[in-house]
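The values are calculated or read from the model by the stated rules, or taken from the named source; none is laboratory data. No experiment lies behind these values; they were computed from the predicted model shown. Quick reminder, even Gly has a Cβ in these numbers, built from the backbone with ideal geometry, and neighbours come from all protein chains shown. Ligands, DNA and RNA are stripped out before the accessible areas are found, and what is left, the full protein with its side chains, is counted by its heavy atoms. Shrake-Rupley method; radii C 1.70, N 1.55, O 1.52, S 1.80 Å.
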Amino acid sequence: MKKFFFGISIILLAAFNLYSQDIRQLTIPDVMNNFSVLKYQNKGFKQVTYNTDSFPNFTGFPKNISGTTFEGYIFCNMDSDPEPEIVINIGYTVQAFNQDGSAVTGWPKTVASYGLEGSPAFGDIDGDGQGEIVVTNHGLTSGGYIYAYKRDGTVLTGYPINHGYSSRSPVLADVNNDGKMEIIVNKRTYPTGQVYIYKYDGTILTGWPKNMGHVPASSCAVGDIDGDNAPEIIMESYTGLYAWKVNGDSLAGFPFMMPNGDVNSYSSPVLADVNGDGFREIIFGTHVSGGGGYVYVLKKDGTVQTGWPKTTGNWIYGPPSIGYIDNDNYLDIAVGDQVMSASPADYVYAWDRNGNALSGFPIGPVNAVNCQIVLADIDGDNMTELIFDDNTYNSTTGMGQYLGYNHDGTPCSGWPIQTMGTTFFTTPCLYDMNSNGILDIIGTGIQGTAPSQSTNVYLWNTGISYHPTKIYNRMWQYNTRHNGVYGDTLTMTGVQNSFNSVPVKYGLSQNYPNPFNPATIIRFKIKDSRFVTLKVYDILGKEVSTLINEFKKSGEYEARFIAENLSSGIYFYKLNVVDPLGRTGDFSETKIMTLIK
């Protein structure tokens, strides 16, 4: 991926912000397009090798679009072919790109009055089995709309909704189990805030909106945290964290008001069972006006998990990331902090579930990390790496970067990935876009200065084998619905097969990988709209996990089973499909899988 050419092979480069100054140099790369610079690290200068090629881009990328973006982007199926497309908010436009860089038919879409906010969300909000794109925008102090588009770019009936000031990305979830996803957004009504749940037709769900004591601070998380098989809605205000039932009743123990003089901004909550008690905890980050931050783990009753919160040196803006970092089969938590600084002053932290720092952490000093860290195997070594944004922007070369570190805190070979423009506040997205078994990465670089900024959209082919069970959060807040639920990679078939290719029968596939440790993917097909359960049992027939327990439209789905607290052995997984009234069984199938630790 050659960036600049002057003459035959002379490239004008800069030494990537050597400590607090730009050193402009004229240098010639070696025959593999590498070049060497001195970089200030750990109180001294160190020789570092960079490669101007980085990963090769797909043909047609990068794309350069006027405007800026933040938080992230998604992949989903926007047309009749079986391959996913890239969808991203840039400035006043919702862009949808094919894998050759061309625009998807019917796109882009331009919104009125205000720039777009956060990442687009994708899910079936009208129950037709076809996903829709939902985005929001707002003004400087007030005003804003919720937009919903069909895959062909037509506006859904009843939209846009004149909602008012909604900040961050919208969240989609079927909270009332009617087979249609609702839209969950906040509303800033300074000095207070509200949370709204809209049905597909633009009407407000009974029991909502709900009031908060201060302005909203982030997108919400939606998932079951109290074990009643119904989701809760978790939302942050500037001064507290709230949890409601679907009917609008507050969950016992909430709101939680931070006790350390800290406040919330941007670090959307994540839901995961980190302590292995069978209930999801709420994990979120905060910041203190005088400096520093906290990472909390809250239990379902609003009490703080033993060993938490943990402190950070600077403010936390990105949602925490949950996954298996040190491969001990227990979940870990990672987050980066941020402060404006002329030199690297920030760190990436990683703790085990008890709050103990993992070996090799914190990583740093690095430049500010503003978004969510991606946890995934990106080099095929069966270990977890950490990928994150960087707020630097080299004024001479115009280059930014995504950083990559190993599970032990050492830099990844071949990283950072270079971008034209800063990667500030954008989470990379990982998938096998063309189904060739190779990992691909979507990323962005934002270049220029306001009001003349533009966004470069990249689609990189890493050349590394794709291992889906070793990708713990493949995009911002885990999935295209952005519900913040760890382990929820369940998607409509639009990611892997055409929406127009409706399954002709029910089916349950063999899990992959099998044997597995500790995670595996289970795929299944639903011919008609039905209530579906997918459960896991041990060798004695005891239920150990419920993966799916809800109404599903016709399509192909996948669920991820994580056996973090189970012992090695034989397990069974059973798909059960019943008619719409739940009276008779339409389909049932059981398969065997093996856990080896």
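Side notes on the structure shown:
- When ASP100, ASP124 are checked against the criterion of being within 29 Å of LYS552 (Cβ to Cβ) and of a type in the set (D, E, K, R), a single residue qualifies: ASP124.
- Selection within the range 391-409 - among the hydrophobic types (A, V, I, L, M, F, W, C) and within 20 Å of TYR349 (Cβ to Cβ): LEU403
- Selection status of VAL532, among the aliphatic types (A, V, I, L, M), crowded, with 16+ Cβ neighbours inside 10 Å, under 19 Å from THR469 (Cβ atoms) and at pLDDT 85 or above: no
To keep it simple, each residue is scored yes or no on (1) of a type in the set (D, E, K, R); (2) surrounded by fewer than 18 Cβ atoms within 10 Å (Cβ to Cβ); (3) within 21 Å of the chain's Cα centre (by Cα); (4) closer than 16 Å to VAL304 by Cα.
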{"position": "VAL215", "(1), (2), (3), (4)": "no, no, no, no"}
{"position": "SER250", "(1), (2), (3), (4)": "no, yes, no, no"}
{"position": "GLY253", "(1), (2), (3), (4)": "no, yes, no, yes"}
{"position": "ASP277", "(1), (2), (3), (4)": "yes, yes, no, yes"}
{"position": "GLU281", "(1), (2), (3), (4)": "yes, no, yes, yes"}
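- The criterion of at least 1 residues that are touching a residue at least 60 places away in the same chain (Cβ under 8 Å), over 23 Å from the mean Cα position of the chain (by Cα) and surrounded by 23 or more Cβ atoms within 10 Å (Cβ to Cβ) is met by the following strands (runs of 3 or more DSSP E) wholly inside the range 318-412: 399-405.
- Only one of the listed residues (SER545, SER529) is of a type outside the set (Asp, Glu) and free of Cβ contacts under 8 Å to residues at least 40 places away in the same chain. That residue is SER545.
- Checklist (1) open to solvent by 50 Å² or more (accessible area, probe 1.4 Å); (2) more than 27 Å from VAL348 (Cβ to Cβ) applied to THR311, failing item: (2)
- Residue in the range 287-304 that is of a type in the set (Val, Ile, Thr), under 20 Å from GLN477 (Cβ atoms) and under 23 Å from the mean Cα position of the chain (by Cα) present: yes
- Considering residues of the range 97-141 that are of a type in the set (Val, Ile, Thr) and in a loop (DSSP other than H, G, I, E, B) only, the residue farthest from THR455 (Cα to Cα): ILE125
- Within the range 175-202, residues that are open to solvent by 50 Å² or more (accessible area, probe 1.4 Å) sit with their Cβ atoms under 6 Å from residues that are basic (Lys, Arg), at 6+ positions apart or across chains, in these pairs: TYR200/LYS180.
- Just one residue in the set SER142, SER169 is among the polar types (S, T, N, Q) and surrounded by fewer than 19 Cβ atoms within 10 Å (Cβ to Cβ); that residue is SER142.
- Subset of the range 163-209 (residues that are assigned to a loop (DSSP other than H, G, I, E, B) and closer than 22 Å to THR69 by Cα): HIS163, GLY164, TYR165, SER166, SER167, ARG168, SER169, PRO170
- Unique residue being modelled with pLDDT under 95 and of a type in the set (Asp, Glu) when the list is ASP249, ASP178: ASP178
- Within the range 539-554, the residues that satisfy the criterion of being modelled with pLDDT of 80 or more and outside any loop (DSSP other than H, G, I, E, B) are GLU543, VAL544, SER545, THR546, LEU547, ILE548.
- Residue within the range 257-270 that is among the small types (Gly, Ala, Ser) and surrounded by 24 or more Cβ atoms within 10 Å (Cβ to Cβ) present: yes
- Among the conditions (1) assigned to a loop (DSSP other than H, G, I, E, B); (2) under 23 Å from TYR478 (Cβ atoms), VAL94 misses just one, which is (1).
- Of all the numbered requirements in (1) at pLDDT 90 or above; (2) open to solvent by less than 20 Å² (accessible area, probe 1.4 Å), ALA519 misses one, and that requirement is (1).
- Per the conditions (1) farther than 30 Å from GLY318 by Cβ; (2) of a type in the set (A, V, I, L, M); (3) at pLDDT 90 or above, the sole criterion not satisfied by VAL504 is (3).
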